[in-house]
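What follows is a set of notes on a single structure, which appears directly below.
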Amino acid sequence: MRQRLEYALAWLIIKFVGALPRSLARAAAILLGWAVYLLHIRLRHVGRRNLALAFPEKSQHERARILRGVFTSFGRQLAEVCLFPKYTRENVSEVVVYEGFENFERALARGKGVLFLTAHLGGWELSAFAHSLYGHPLQVVMRPLDNIYLDRMTRRYRTMHGNQMIDKDDNVRGLLSAMKAGETVGILMDTNMTPPQGVFVDFFGIPACTASGMARIAMRTDAAVVPGFTIWDAKLRKYRLRFDPALDLVRTGDDDADIVANTARFTKVIEEYVRRYPDQWLWVHRRWKTRPPGQPGLY
């Protein structure tokens, strides 16, 4: 019953916001984001704790401003997701524009597959969606949602224009197959993991258990690892889907050490983007929940 009620509420929000013109949809969804900020005490607590850990040099006022911005960013992205059915190849440029597309083209031309390194930053749901509308469908590694009805709806929206989903529980087989076929796979690499799927690397100077799968697949297949982030640009009033040049892999011959080193390199890229756009990252996720043996919990 609870799952059905959650689905019904989500469906009503999507239909209501999706029926509005884009400017009104964004305003309505941002108001909803602010309401969640005011009402969801646990999320505020996690966000404040994370920001204190990552930015001890900032004042409480500065960190509070960043946290409020996160919920504005959530709301803005929610509006765009609700409007997905209205977007086409002809009008997607009104919402998302490319930057550094030549970096993606160059990586794809290698023919060994592309691993799209990204994070819960900006309009992450728009990344694969817009890329597919522009004619470049890809596969995305995702964890099935606990609510089966919401999971079904989310998959339907994400795959509207040719994208495919790879379940996180079966990602190795799917990733190897995609790289062998020279395809592109997007991986959100900024969530808390547990060993052995995760290894500890620094994120804002704090050991964070981080998925090592991208490093393992990249080293095994020689696929190109291309950082890509969809960032809201207030001046443009659009999102920029930015591709950076493919990253060079660390290869010393010690596979275990190289996996950790490459995972650390990938995580450093994410950190650099989060530092540049702190109010667009998922600070309400308990990123440092898993601790190295012997270390106390941070939450």
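Checked against (1) in contact (Cβ under 8 Å) with a residue 24 or more places away in the chain; (2) surrounded by fewer than 18 Cβ atoms within 10 Å (Cβ to Cβ), A211 meets all criteria but (2).
Restricting the stretch 1-30 to residues that are assigned to a loop (DSSP other than H, G, I, E, B) and loosely packed, with under 15 Cβ neighbours inside 10 Å leaves a set whose member that is farthest from the chain's Cα centre (by Cα) is M1.
Which residues, counting only those in the stretch 151-179, are assigned to a helix (DSSP H, G or I) and under 30 Å from E94 (Cα atoms)? Steps first, answer last, please.
We begin by selecting, within the stretch 151-179, every residue assigned to a helix (DSSP H, G or I); these are 151-158, 168-179.
Result: D151, R152, M153, T154, R155, R156, Y157, R158.
P137 meets all of the listed conditions (1) within 14 Å of F266 (Cα to Cα); (2) buried (at least 16 other Cβ atoms within 10 Å of the Cβ) but one, namely (1). Sub-7 Å Cβ pairs linking a first residue in the stretch 38-67 that is free of Cβ contacts under 8 Å to residues at least 12 places away in the same chain to a second residue that is buried (at least 19 other Cβ atoms within 10 Å of the Cβ), at least 6 apart or interchain, are A52/R63, ordered by first then second residue.
Exactly one residue among G33, G47 is over 29 Å from M160 (Cα atoms) and part of a helix (DSSP H, G or I), and that residue is G47.
Looking only at the stretch 214-246, how many residues end up being hydroxyl-bearing (S, T, Y) and either surrounded by 22 or more Cβ atoms within 10 Å (Cβ to Cβ) or assigned to a strand (DSSP E or B) (or both)? Give the steps one after another, and end with the answer.
Kept after step one, since they are hydroxyl-bearing (S, T, Y), are these residues of the stretch 214-246: 221, 230, 239.
Those still in the list that are either surrounded by 22 or more Cβ atoms within 10 Å (Cβ to Cβ) or assigned to a strand (DSSP E or B) (or both) too: 230, 239.
The total comes to 2.
Of all the residues that make up the stretch 95-150, how many are assigned to a strand (DSSP E or B) and among the acidic types (D, E)?
Within the stretch 95-150, the subset assigned to a strand (DSSP E or B) is 96-99, 114-118, 121, 139-142.
Narrowing further to those that are among the acidic types (D, E): 99.
Residues flagged as assigned to a strand (DSSP E or B) and among the acidic types (D, E) within the stretch 95-150 amount to 1.
Check E90, E62, E57 and return the single one that is outside any helix (DSSP H, G or I), more than 24 Å from A128 (Cα to Cα) and of a type in the set (D, E, K, R).
Numbers: E90 fails: more than 24 Å from A128 (Cα to Cα); E62 fails: outside any helix (DSSP H, G or I).
Result of the check over E90, E62, E57: E57.
In the set W232, W288, only one residue is more than 23 Å from E80 (Cα to Cα) and touching a residue at least 60 places away in the same chain (Cβ under 8 Å); that residue is W288. Of the numbered criteria (1) touching a residue at least 12 places away in the same chain (Cβ under 8 Å); (2) under 17 Å from the mean Cα position of the chain (by Cα), the one M219 fails is (2).
Read-outs: derived from the displayed coordinates by stated rules, not from any lab. What you see is a predicted model; the values in this text were computed from it and never measured. All Cβ positions, even for glycine, are placed from backbone atoms using ideal geometry, and neighbour counts span all protein chains on display.
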